[in-house]
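In what follows, a structure is listed as structure tokens, so that the remarks can point back to it.
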Amino acid sequence: MKDLFERIIKDKGPLGKWAKQAEGYYVFPKLEGPISNRMTFNGKKVITWSINDYLGLANHPEVIKADAAAAAEHGMAYPMGARMMSGHTVFHEQLEQECAAFVNKEAAYLVNFGYQGMVSAIDALVTKHDVIVYDMDTHACIIDGVRLHAGKRFVYKHNDVESLEKNLQRATKMATQNNGGILVISEGVFGMRGEQGRLKEIVALKKKYNFRLLVDDAHGFGTLGKTGAGAGEEQGVQDDIDVYFATFAKSMAGIGAFFAADKDIIQYLQYNMRSQMFAKTLPMAMVKGALKRLDMLRTMPELKEKLWENTNALQSGLKENGFDIGNTNTCVTPVFLEGDIPEAMAMVHDLRENYGIFCSIVVYPVIPKGMILLRLIPTATHTLEDVSETITAFSSMREKLEGGVYKRIAATMA
Ligand SMILES: Cc1ncc(COP(=O)(O)O)c(C=O)c1O
């Protein structure tokens, strides 16, 4: 028998093994100064393309004022306890009603964190008799929610409706045998590559198969659709999403999340979601802050317009300069390049230190070996100057990548 910590100390896990080379720079970097298009990293000003503050609310003076006023009035503790026991207030109810109205659903239920909420909602929605069918590229919170499921699950190829249909046929057989139902799970926007989930086609399958659809619209909420209600609104199928989810961590630049659905379903979640029944409620400052943000989403369409002006300029500029930005049809802007992990590290170092560009880097195993994905998130706070400076920097960086400069730098550092 071993001491449990023997393995933990020896094997730090797939990411942890890079800690020595990466910590403080590539992982756990410290972006300093007010959240904006230009922040400070490693003592230098950088254009920040890595934060999901889509609408630029994180540091908006009205938001800061509302957050501060709520914290001054209530502190950060109120209300104490879980919603069910002692942590319920009229403001939590008001926020739920406003969230539901915003995404055109009957009712909503708040959760403290999107991640935990999603895990717990999946756990609550299905029993061992039911079958889950989900996209293979979904966010970790969905994967972990599915892990809790005691019944059968099928995974379909990413955004592949044919593969979904095949799995629905298998799921239908299984659910019929078990006298259960089927839950299909997709994202509204896949946050790495920026493709919208093919909700319209998924919903069309409801004519042939009996299933309910849960959509995680973390990146679509506030950014897509005429009113900002997300990917379902954008694709004209919001009413066919049975359970809609969005987090406050992106467009709302806050913390917390919500589920929206028919009243009966929301009531079921209120009484059965363990992450909320057995945890302290969302603090009042977050709730009042979210009410303010939601009001701004409703009344300040210029924020979304600016976001899209920047997104369109960035994406068309990158394409015109020959960059591969995949199949994005959202604000999430991936740039695909070829290279290995050490090259990617040297390249990102150069971008940050010499060009003043800070973006996220994604490598194998998240994407195929030999590929590098630089992920850019435009926001309403960016300027067209930020966009053109970034495209010029990227062109120069690509020349170096193709000329083997980063390979040589990486070799000297090995
Ligand atoms: C697609 C998706 N779902 C869920 C979450 C988790 O939300 P939260 O940050 O509120 O826990 C995230 C990340 O924030 C996300 O990108």
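Bear in mind these aren't lab numbers, they're just calculated from the coordinates by the rules spelled out. Just so you know, these numbers come straight off a predicted model, no measurement behind them. Glycine gets a Cβ as well: all are built from the backbone with ideal geometry, and neighbour counts include every protein chain shown.
What order, most packed first, do the peptides 213-220, 141-148, 330-337, 16-23 have when packing is the mean number of other Cβ atoms within 10 Å of each residue?
Highest to lowest by the protection proxy: 213-220, 330-337, 141-148, 16-23.
Taking 0.36 nm per residue of sequence separation and removing the Cα-Cα distance, the residue 319/residue 227 pair yields an extension gain of 30.3 nm. For 394, 323, the sequence from fewest to most other C-beta atoms within 10 Å is 323, 394. Over the chain, dividing the summed -39,500 (n - 2.57) contributions of all DSSP H runs of at least 4 residues by the number of residues returns a 222 nm mean residue ellipticity of -13000 deg cm²/dmol. Mind grabbing the base-10 log of I(q)/I(0) for the chain at q = 0.06, 0.10, 0.11 Å⁻¹? Debye formula, identical points on the C-alpha positions, no solvent, two decimal places. Debye curve over Cα of the chain, log10 I(q)/I(0) at q = 0.06, 0.10, 0.11 Å⁻¹: -0.26, -0.75, -0.90.
The residue among 287, 300, 357 whose Cα reaches farthest toward the positive pole of the charge dipole of the stretch 270-391, with charges on the beta-carbon of Lys, Arg, Asp and Glu, is 287. Against the chain, whose longest principal axis is taken from its Cα atoms, helix 263-272 shows a tilt of about 80°. Amide H contacts of residue 107 (H built 1.01 Å from N, in plane; Pro and chain starts excluded): 261, 263 sit under 5 Å, all sequence-distant by 5 or more or on other chains. Footprinting exposure proxy ranking of 28, 102, fewest other C-beta atoms within 10 angstrom first, gives 28, 102.
Only one residue of 150, 102, 113 has its Cα farthest out toward the positive end of the dipole of the stretch 79-282, where Lys and Arg carry +1 and Asp and Glu -1 on Cβ, and that residue is 150.
Summarising the amide proton neighbourhood of residue 135: residues at separation of 5 or more, or on other chains, whose placed amide H is nearer than 5 Å comprise 156, 185.
Averaged over residues, the count of other Cβ atoms within 10 Å places the peptides 47-54, 124-131 in the sequence 47-54, 124-131, highest first. Remark: C-alpha extents of the stretch 326-367 on the principal axes read 30, 23, 13 Å, sorted largest to smallest.
Karplus-based coupling profile of the stretch 159-166, in residue order and whole Hz: 6, 10, 6, 5, 5, 4, 4, 4, with θ = phi - 60° in 6.51 cos²θ - 1.76 cosθ + 1.60 and x standing for Gly or Pro. Sequence-ordered 3J(HN,Hα) estimates for the stretch 238-248 from the Karplus curve with 6.51, -1.76 and 1.60 and θ = phi - 60° stand at 4, 5, 8, 7, 7, 10, 9, 10, 9, 9, 8 Hz, glycine and proline given as x.
Take every pair of alpha-carbon atoms less than 8 Å apart whose residues are at least six positions apart; their mean separation over the length of the stretch 12-51 yields a relative contact order of 22 percent. Each peptide in 168-178, 343-353 receives the mean, over its residues, of other Cβ atoms within 10 Å, and ordering these scores from highest gives 343-353, 168-178. When the Cα positions of 68, 37, 55 are compared along the charge dipole of the stretch 31-96, 37 comes out farthest toward the positive end, with charges on each C-beta of Lys, Arg, Asp and Glu. Once backbone amide H atoms are built at 1.01 Å from N, residue 371 has 339, 364 as its partners under 5 Å, excluding neighbours fewer than 5 places away on the same chain.
Please state the charge dipole magnitude for the stretch 261-308, taken about the Cα centre, from unit charges on C-beta atoms (+1 on K and R, -1 on D and E), reported in debye and rounded to the nearest 20. Mind showing how you got there, number by number?
Working: 9 positive and 5 negative charges, 46 e Å.
With only Lys, Arg, Asp and Glu charged at Cβ, the dipole is about 220 debye.
For the residue pairs 128/288; 226/288; 44/288; 157/226, the alpha carbons lie more than 31 Å apart in 128/288; 44/288. Under 18 Å from the Cα of residue 369, which lysines turn up, not counting those fewer than eight places away in the same chain? Hits, sequence-local ones excluded: 17, 407. Full extension of the chain between residue 88 and residue 22 gives 19.5 nm of extra length, using 0.36 nm per residue less the Cα-Cα distance. Classify the stretch 79-282: rounded, prolate or oblate, from the alpha-carbon gyration tensor (a ≥ b ≥ c, eigenvalue square roots; a/c under 1.5 rounded; otherwise prolate if a/b is larger than b/c)? Oblate is the answer for the stretch 79-282, as a/c is 1.5 or above yet b/c matches or exceeds a/b.
The long axis of helix 384-402 is offset from the longest Cα principal axis of the chain by roughly 60 degrees. Would the stretch 79-180 count as rounded, prolate or oblate if I go by the C-alpha gyration tensor, calling it rounded below 1.5 in a/c and otherwise prolate when a/b exceeds b/c, oblate otherwise? In terms of gyration-tensor shape, prolate.
Can you work out the FRET efficiency for the pair residue 200 and residue 101, with r the C-beta to C-beta distance and R0 = 35 Å, to the nearest 0.05? In this case the efficiency is close to 0.90. Classification of the stretch 291-392 by its C-alpha gyration tensor yields a prolate form. The axis ratio a/c (a ≥ b ≥ c) is 1.5 or more, and a/b outweighs b/c. Against the chain, whose longest principal axis comes from its Cα atoms, helix 114-125 is set at around 30 degrees. Using a Gaussian network model of the chain in which every pair of alpha carbons under 10 angstrom is joined by a spring, one finds that among 371, 136, 85 the greatest mean-square fluctuation is at 85.
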